[in-house]
Every structure is written in C-alpha cells, then in structure tokens.
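Engineer: I have a structure I would like to understand better, so I am pasting it below and will then ask my questions one at a time.
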Amino acid sequence: MSEFVIAPPPQAVLPIAGTEALFPVRRVYCIGRNYAAHAVEMGHDPDREPPFFFQKTPDSLDASGQFPYPVRSEEVHHEAELLVALGKGGRDIAEADALDYVWGYGLALDMTRRDLQGIAKAAGRPWEIGKSFEHAAPVAPLTPAAEIGHPSEGALTLTVNGELRQSGDLNQMIWKIPEMIAHLSQYYTLAAGDVILTGTPSGVGPVQRGDVLELTCLSLTPLRVEVT
Ligand code: MN
C-alpha cells in the first residue's frame, strides 16, 4: 500500500444537528442570481435566463461560528442561503427524481469579497477570487430530509446585530431545487457529498468586524456567525 508523502489534507465535513455524526463534503456548487429581487439589486434582468453556477472549495466551509474578515478586501457581503446536501449522485438526473438524491438541508452564508468580484466581472475574468477563499462559507449543522422533508417554501431571514437585512421566501427561487440538481447533472457527474448553495434573496450588504449575523429558516438549525 502506498504511503502519502505529506499528511493528507483533512476531509471537509459538515456537522449534523443533534448527533456527533458528520457529513463529508466533496464539492460545493453555488447558483448565481436565483431570486429575482437580488438579480435586480445587482443590476441584472430578473427574467428566467438559464441558471449558472460557480464553485467554492470544500475547505471554505466553516462551522465554527466565526468569520475572520478576509484579507485584501474592503467590501465583504453576506448572502444568506439554503444549502442542499446530496446523499447520492449521478448524471442526467430527471427533475422528477431529483429530490431522491437529497440527504438533507442546512443554512449557509455565501460570503463574497464584493469589491474583488466586481473587478473580476468588469475585466471579464472568473469570479473565483471574490467567492472562494478561506472561511468563505459559514455553515450551520445539517438536518436530514428524513426529518424535515423537502422544503420548497418558508421564510429565509438574516439579521445583522439584530436588525433585519435579508428577508425572502424559499418559494421565490427562480430555479427550484429539483431543477438545479437536474441542470447540474447535465454538466457534471454529481456524487454523494456534493452540496449546493441555492442563492440569496435581496438585501445583501457589507459586514464589519464585530457584526453578529443570524440566519434562520423553518426548523433548520439557525446559523449564528460573528465577524472577527
Ligand atoms: Mn450566493
């Protein structure tokens, strides 16, 4: 048996509510502009154009409850999102079967270095530097679909220091969860351990050191994050 020449990097994991068990993560897909009001606030047409996705690296997931303010940015935004965790994978998954692939749900923040994203956009470059960096995806523990079912509606609410900043409803998603899974599976081979961040409602905005962000949705474990 071959040995590793350096210590293997740790497996990215998500905690699971009410248990010591862990959900191992393979890939983190994120959809862009999936709530009409957010597309408008970012200067785009809210019409139903084909969905587009980007990825964050799995090691950007962070369940510690702390978000260290990232380097090289002076405008870092919160994006409150529902996270979908896949328990099995495949290709060309039919929309009608897509929810069978979901293991569970959780809450996440798609933290964004908005200034760096804007520079990349203007130059026609990839968004990666604005989206994928250490600690860029604070997460709360998952709840299995076996417990919560498959939510398609329900308020998604983010407060910053107790003040309401983002308020939407899961039923406002332009591309629904089965549609996202079906679409992604046409371009990638999905696998158990893949997670999808499903987009953010309007109200995104900057965070400062010392801010406390609290994200709630249905009976999912709330996500509380302090910016440090
Ligand atoms: Mn997002």
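Engineer: Provide the gained length on full extension for the span E95 to A155, in nm with one decimal, where the gain is 0.36 nm per separating residue minus the Cα-Cα distance.
Structural biologist: Computed gain between E95 and A155 is 19.2 nm.
Engineer: What stretch of the chain, leaving out the sites themselves, is the longest with no chymotrypsin sites (Phe, Trp or Tyr not before Pro) in a DSSP loop having at most 12 other Cβ atoms within 10 Å?
Structural biologist: That gives 53-228 as the longest site-free run.
Engineer: Based only on Cα atoms, what mean projected area does the convex hull of the chain have, in nm²?
Structural biologist: 13.8 nm²
Engineer: What relative contact order, as a whole-number percentage, does segment 13-227 give when Cα pairs under 8 Å and 6 or more residues apart are counted?
Structural biologist: 32 percent
Engineer: Right, next: In whole Hz, with x marking every Gly and Pro, tabulate ³J(HN,Hα) for segment 96-104 from phi via Karplus 6.51 cos²θ - 1.76 cosθ + 1.60, θ = phi - 60°.
Structural biologist: Listing the rounded values in order: 5, 9, 4, 5, 5, 8, 8, 8, x Hz.
Engineer: Let me ask something else about it. Can you tell me how much longer the chain between I129 and S64 gets when fully stretched, taken as 0.36 nm per residue apart minus their C-alpha distance, in nm with one decimal?
Structural biologist: Extra length available between I129 and S64 comes to 21.2 nm.
Engineer: Shifting gears a bit: Enumerate lysine pairs in segment 13-227 that are 8 or more residues apart or on different chains, then count those whose Cα atoms are under 19 Å apart.
Structural biologist: 4
Engineer: Taking DSSP loops as anything outside H, G, I, E and B, show the longest stretch in the chain free of trypsin sites (Lys or Arg not before Pro) there with at most 15 other beta carbons within 10 Å.
Structural biologist: It runs 92-208.
Engineer: Take the alpha carbon atoms of segment 1-37, find their center, do the same for segment 68-123, and report the distance between the two centers in whole angstrom.
Structural biologist: Each part reduced to its Cα centre gives a spacing of 12 Å.
Engineer: Also, quick follow-up: Over 21 Å apart: what share of the alpha carbon pairs of segment 1-112 falls there, rounded to a whole percent?
Structural biologist: Summing the P(r) tail past 21 Å for segment 1-112 gives 53 percent.
Engineer: Let me ask another. With Cβ to Cβ distances under 11 Å as the rule, what net charge do the other residues near Y187 carry (K, R +1; D, E -1)?
Structural biologist: Around Y187, the charge tally is 0.
Engineer: If a/c stays under 1.5 just call it rounded; otherwise compare a/b with b/c (prolate if a/b is bigger, oblate if not). Do that for segment 114-172, with a ≥ b ≥ c from the square roots of the Cα gyration tensor eigenvalues.
Structural biologist: Prolate is the answer for segment 114-172, as a/c is 1.5 or above and a/b outweighs b/c.
Engineer: Put a dot 7 Å past each Cα toward the Cβ at S2 and A122; how far apart are the dots in nm?
Structural biologist: If labels sit at A122 and S2, their model points lie 4.5 nm apart.
Engineer: Along the Cα-to-Cβ line of V13, 7 Å from the Cα, sits a label point; which residues in segment 92-121 have backbone N less than 20 Å from it?
Structural biologist: Under cut-off, by backbone N: 103-108.
Quick note: the coordinates plus some simple rules give every number you see, no bench work behind them. Just so it is clear, the structure is predicted and the values come from calculations on it, not from any experiment. When we count neighbours, we look across all protein chains shown, and the Cβ atoms used for this are built from the backbone with ideal geometry, even at glycine.
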